[in-house]
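For reference, the structure is listed below as structure tokens.
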Amino acid sequence: MTEANVTAAKSEAGAVPENWKPHIVALVCNWCSYAGADMAGTTRREYPANVRMMRFPCTGRMSPLMILRAFEQGADGVLVSGCHPGDCHYVQGNLVARRRFTIFRSLMDFIGVDLKRLHFAWVSAAEGHKWAKVVSEVTTSVQEAGPLPSFEHPEGWGGIDLPEMTGSGPQELDEQRLDAIRANLRKAASEVLTTERAGVVIGYGSGSLPDQTHPVLITKTAECEKLEWGQGCRNNLGAYVGSALEKHERVAVVAKTCDLGAISGLIREGQLRRDQLLVIGVQCPGVRDGSGLATKCLSCSGDPHPICDLVVTVEGVQESCEDPSAAALDTPDARDEQIAYLESLPHEERWQYWQRQFGRCLRCYACRAACPLCYCSTCITDKHRPQWVPTSIDHPGNSTWNIIRAVHLAGRCTGCDECARVCPADIRLDLINRKLSLEVERQYGKIGLDPEEKSALVDFRMEDSEEFIL
Ligand code: FES
């Protein structure tokens, strides 16, 4: 069957053509699984001929993007295989990959990919018999799952009514209290500049509309009166610190509770140095998103965090130097019920839901621009040789982009939800981010605000769970 025929066959919902055989792509490590497959051949083991192999130096080199590409280009199933833990020729490549695949697998399940299509196996160079067995099992499993559903996005906007989100959010602050916070913030910023604790203060200035603000860089004490505070302070100012440091030795940044995670993340990943920063945490009234409190605020206390150098509240300004390791992001979250609801749906419905969501993507990359932790000098989606992510706004590049963006932030995203807020197509990126954060937390512990802590997905433990690996 030609590729065009395969695609046509897949677009007929539920119809499995007669004599249909699954296409399976196997990503294998050169040193063990490829040699294992070779051994299966030289020892004349018989196994199904549905698998096409791609050889990599190590499972650590295999990006989830390669799995996505395989699906996008017509594979019905993917097998990833490498050396057993402890046997990796690059010592820990497969151990780090194991965590990455664990989280990627849960994401694929969440967006509606039947896990009968995605398999992982450890196969050594001496295990020709195991390779033959694994390929037979994987082929049977993919055969059961049937042809991969089409990447084409269905008609319509939402398709599924998610449960309404509830939560009270941070303590409400009337205009009088906000005025008090504003005055204290201006005083704190002025003192920071006068005493030369920082050369610039990044904060919010008033925008052109009544409840809007925009980021401002204040370098003179007289300008501190421009600093604003209220429910219109939406941007995550952590995204502006890097460029401010190009001109100033030390930067002060005004931060809401949700922004502090990004600042910690940037320190943790070596993008900022703690001694270059002065963090001014401010008591937050929650930010407005359209007519109501933003989703991210529904479960947040709005309290400033121990990582702050200065804390601004209604009462005044205080120095803070408590232990940041005690910190962690707030859980549970108002969105958890929506995630649980989506997870209760059959794979096909989830797939349709997310294909509708991704189908709306305009590829404006506003999500990337707003994210403080998207700092690569050239994003994978801008690379053309090879072009990993098709850039036109039709499918399947849209799905690949939105999935890989989430994968790159897994274990790093600190839930500021700027990506979802700025998305002009209202794609529920926040649900995907939240789902991945929950999964990372369930598997490897909390994503905290401690800048000294290693990100979960660049770390490993020998005893990490691998119950899904054959
Ligand atoms: Fe085989 Fe790393 S070399 S998994």
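The values are calculated or read from the model by the stated rules, or taken from the named source; none is laboratory data. Quantities reported herein were computed from a predicted structural model and do not represent experimental measurements. Cβ atoms come from the backbone with ideal geometry, glycine included; neighbour counts cover every protein chain shown. In case anyone asks, the SASA skips ligands and DNA or RNA and just uses the protein heavy atoms, side chains included. Shrake-Rupley method; radii C 1.70, N 1.55, O 1.52, S 1.80 Å.
What to note about this one:
- Sequence ranges 274-282, 238-246, ranked by mean other-Cβ count within 10 angstrom, highest first: 274-282, 238-246
- Theoretical gain in end-to-end length, residue 392 to residue 276 [0.36 nm per residue, Cα-Cα removed]: 37.7 nm
- Label zone of residue 221 (point 7 Å out along Cα→Cβ, amide N under 16 Å): in region 173-194 this covers 184-194.
- Residue-by-residue Karplus 3J(HN,Hα) for region 196-202, coefficients 6.51, -1.76, 1.60, Hz, glycine and proline x: 6, 6, 8, x, 8, 10, 8
- Percent carbon-and-sulfur accessible area, the chain, ignoring ligands, DNA and RNA, probe 1.4 Å: 49 percent
- Listed peptides 369-377, 76-84 appear in the order 76-84, 369-377 once ranked by packing, highest mean of other Cβ atoms within 10 Å at the front.
- Each Lys or Arg adds one and each Asp or Glu subtracts one; over the other residues with Cβ under 9 Å from the Cβ of residue 396, this totals -3.
- Each of 114, 259 has its accessible area taken with a 1.4 Å probe; listed largest first, they run 114, 259.
- Full-stretch length increase - residue 452, residue 369 - with 0.36 nm per residue and alpha-carbon distance subtracted: 27.3 nm
- Axial C-alpha extent at least 24 Å, average Kyte-Doolittle at least -1.0 - helices from the chain (DSSP): 93-110, 128-145, 175-194
- Residues whose amide H lies under 5 Å from that of residue 255, counting only those 5 or more places away or on a different chain, are 280, 281, 282; hydrogens are built 1.01 Å from N in the peptide plane.
- For residue 27, nonlocal amide neighbours, meaning residues 5 or more places apart or on other chains whose placed amide H falls under 5 Å from its own, are 54, 79, 80, 81.
- For residue 166 and residue 466, the FRET efficiency from 1/(1 + (r/R0)^6), where r spans their Cβ atoms and R0 equals 35 Å, is about 0.40.
- For residue 462, the solvent-accessible surface computed with a 1.4 Å probe is close to 110 Å², ligands and nucleic acids excluded.
- Cβ-derived FRET efficiency at R0 45 Å, residue 16 paired with residue 289, nearest 0.05: 0.55
- For region 400-470, GluC sites (Glu not before Pro) are listed when DSSP marks them as loop and at most 13 other Cβ atoms sit within 10 Å of their Cβ; the list is 452, 463, 467.
- Under a 5 Å amide H cut-off, with hydrogens placed 1.01 Å from N, residue 289 pairs with 294 among residues at least 5 apart or on other chains.
- Cross-link partners for residue 247 among the lysines, with Cα-Cα distance under 28 Å and sequence neighbours closer than 8 places in the same chain left out: 187, 220, 226, 256.
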